[in-house]
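Novice: Starting off with a structure, shown below.
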Amino acid sequence: MAATPRSEARAGLKLISPTAIYVIVLLALPLATVLVYSMMTGGRGNVSLPLTIANYAELWSKPVYGYILLKSLLVALSVTFITVVLAYPVAYFVSFHVKPDRKSLWLFLITIPFWTSYIIRVSLWFVILGYDGILDKALMSLGIMNTQLNFSSYGIPAIIFVLAHAYAPFAVLPIFVSLEKVDRSLLEAGQDLGESRWVTFLRVTLPLSMPGVIAAALIVFIPTVGDYVTPKLVGDGREPMIANFIETALLKLRNYPQGSAFAVVSMLMVGIVSVVFVLLNRRFIGGSK
Amino acid sequence: MKAPWLRGFTLFYLLFLYSPILLLPIFAFNDSKVVSFPLSGFTTNWFVEMWADKNLRIAAKNSLIIALSVATLSTILGIFAARASVRYRFPGKAPLMGLIMLPLVLPEMIVAMSLLVVLLSIGVPLSLLTVIMGQVLICTPFAVAILTSAFQSLDRSLEEAALDLGETQWSTFRLIILPLVMPGILASFLICFTISFDEFIIANFLGSGRPILSVYIFGQFRFPSKVPSMLALGTVLVCFSIILLGFAEYMRRRGIAKAGGKDAGGFL
């Protein structure tokens, strides 16, 4: 039964329509609304015409907005860097040094923490690192410290640490998948031709696994830049990030236009960074041919 | 090839990943109101206290209702989208699939807030239903990803054979395709259930203070006296998710084996 392109198109559209309608109504339209709101005027829960770019001008002129965006960006990039650098050797070990039939078990062990309650994991760090917490007590009873370290109050470093732990398992999998694709005969060839193992790694394995590294970076970056819970719990909430700020603008101040403009700019920022990652990936794929 | 330092690093990394989770059972059974070393004896009081907490039970019930609804809806929506994208070519496929998968690359707060702003503007009261509506957006991309690989590993000729032998499109789907992708459907259901059960941002903002487990836990951790019973709850939850995930992984592998495919990685 050879379907004509037209009847195939109709069947496909009919089949996808429930999902498509759902996301158009509940995702595309709300995002469009936010975009429109960001160009309106008003406050305290109402919006009005005319369309204006004043909200964006205000974002540009007041340093606090730029500070929050830049801080979130730097925190997310640091977390991304730390998780990827720590995950690479782990993925390399599982791919190159674990017997094939044991690989899924290792991956399963690495991914389990990610699937256990995120709220509980982050809150536990709060209990561990907070004032008079487990870490403080342990350090003091061992005589290493004689005052409370209270790492949780350190603000940004504590946020980076907790986020790096929360999103660590995310990074291992994509790197592992790209390492699995590396043709092992290339490595043997490199070593047969007299290169050391380390040089072979730098010239063959690392470039070939770059797509996985960049995928990992993207997978960690997006949820961390928009994380809400960690900045709120750790660092006593004194270092708000994008998500906390959107909450303040939209729900506490109820300034829809300003909050929307901030949300749009954050989306743009995340989008630009993601595109840079993807372009980097293109270059690596192109360069390895 | 031996690599002692790589192995050591990996084990250390695993220990780092598991360290807070390992502390859960230790302090959940520790007979002290203060969560700290040294340990002071074994008790199951915290589990008793957790069990007696009425609000906790309401929150757990709400979370179950939400997670079951979200898992069901997302998986159904995922079946439609995955089947359409694997089987048919049609205009607008790339942008539509892109929109469906968009929540994967969008900070969750923005998905939650844009929906919230619209709901507030048109005067929809916030309830468990609005939480379900929002979480389905987040879970559907995962369902689509899992189900796409399930549909891709299907042999097209099985379907053609059934049609040649006089089955209708619908009966072919019901009798041939559905049983073959059933493990994928179950895996998708379990993954969506876990994501929804764990989800905080949408539950918090679109639920407007209704007791939902993740929101409840977040609130309780601020009171030091409540922490031990929350650790007991955490212990129970961790055990549950490990069982669920083990089951999901088992179903996924069985599905791939059934369709004659090859194992190509984990959940993500």
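Novice: For the list (1) more than 8 Å from every other protein chain (Cβ to nearest Cβ); (2) among the aromatic types (Phe, Trp, Tyr); (3) closer than 20 Å to residue A:28 by Cβ, I need the number of the one condition that residue B:151 fails.
Specialist: It is condition (3) that residue B:151 fails.
Novice: If you don't mind, there's one more thing I want to ask. Among all residue pairs at least 6 apart or on different chains, which show Cβ distances below 8 Å where the first residue, located in the range B:169-191, is among the aromatic types (Phe, Trp, Tyr) and the second is surrounded by fewer than 18 Cβ atoms within 10 Å (Cβ to Cβ) and assigned to a helix (DSSP H, G or I)?
Specialist: Pairs that qualify, where the first residue is among the aromatic types (Phe, Trp, Tyr) and the partner is surrounded by fewer than 18 Cβ atoms within 10 Å (Cβ to Cβ) and assigned to a helix (DSSP H, G or I), are B:189/B:72.
Novice: Sticking with this one: Of these, B:157, B:114, which one is more than 8 Å from chain A (Cβ to nearest Cβ), more than 14 Å from the chain's Cα centre (by Cα) and among the hydroxyl-bearing types (Ser, Thr, Tyr)?
Specialist: Values: B:114 fails: more than 8 Å from chain A (Cβ to nearest Cβ).
The match here is B:157.
Novice: Looking at A:172, A:162, A:122, A:127 in this structure, which one is within 12 Å of chain B (Cβ to nearest Cβ) and at pLDDT below 80? Explain how you work it out, then say what you get.
Specialist: Working: A:172 fails: at pLDDT below 80; A:162 fails: at pLDDT below 80; A:122 fails: at pLDDT below 80.
Criteria check complete, one pass: A:127.
Novice: Ok, one more. Would you confirm whether any residue within the range B:71-78 is away from chain A (no Cβ under 12 Å) and part of a helix (DSSP H, G or I)?
Specialist: Looking only at the range B:71-78, we keep the residues that are away from chain A (no Cβ under 12 Å), and these are B:71-72.
Those left that are additionally part of a helix (DSSP H, G or I): B:71-72.
Yes, because at least one residue in the range B:71-78 is away from chain A (no Cβ under 12 Å) and part of a helix (DSSP H, G or I).
Novice: When the residues of the range A:249-273 are narrowed to those that are modelled with pLDDT under 85 and surrounded by fewer than 18 Cβ atoms within 10 Å (Cβ to Cβ), which ends up nearest to the other protein chains (Cβ to nearest Cβ)?
Specialist: Per the stated criteria, the residue is A:251.
Novice: Considering only the range B:110-127, state which residues are over 20 Å from residue A:277 (Cβ atoms) and part of a helix (DSSP H, G or I).
Specialist: B:111, B:112, B:113, B:114, B:115, B:116, B:117, B:118, B:119, B:120, B:121
Novice: Let me ask something additional. Which residues, taken from the range B:151-171, are at pLDDT 85 or above and buried (at least 18 other Cβ atoms within 10 Å of the Cβ)?
Specialist: Result: B:151, single match.
Novice: Can you name the condition, by its number, that residue A:111 falls short on among (1) in contact with a Gly (Cβ under 8 Å, 6 or more places away or on another chain); (2) at pLDDT 85 or above?
Specialist: (2)
Novice: Among the residues of the range B:133-171, write down those that are in a helix (DSSP H, G or I), more than 30 Å from residue A:219 (Cβ to Cβ) and not aromatic (Phe, Trp, Tyr). Outline the logic, then answer.
Specialist: Taking the range B:133-171 first, the residues in a helix (DSSP H, G or I) are B:133-152, B:156-164, B:169-171.
Filter once more, keeping what is more than 30 Å from residue A:219 (Cβ to Cβ): B:156-164, B:169-171.
Hits for the range B:133-171 are B:156, B:157, B:158, B:159, B:160, B:161, B:162, B:163, B:164, B:169, B:171.
Novice: Still on this structure, I have one more. Report yes if some residue within the range A:79-86 is over 30 Å from residue A:184 (Cα atoms) and either acidic (Asp, Glu) or in a helix (DSSP H, G or I) (or both); otherwise report no.
Specialist: Of all residues in the range A:79-86, those over 30 Å from residue A:184 (Cα atoms) come to A:79.
Those left that are additionally either acidic (Asp, Glu) or in a helix (DSSP H, G or I) (or both): A:79.
For the range A:79-86, residues over 30 Å from residue A:184 (Cα atoms) and either acidic (Asp, Glu) or in a helix (DSSP H, G or I) (or both): present.
Novice: Is it the case, given these coordinates, that residue A:90 is touching a Phe, Trp or Tyr at 6+ places or on another chain (Cβ under 6 Å), farther than 19 Å from residue A:225 by Cβ, within 7 Å of chain B (Cβ to nearest Cβ) and in a helix (DSSP H, G or I)?
Specialist: yes
The values are calculated or read from the model by the stated rules, or taken from the named source; none is laboratory data. The structure displayed is predicted, hence computed values, not measured ones. Cβ atoms come from the backbone with ideal geometry, glycine included; neighbour counts cover every protein chain shown.
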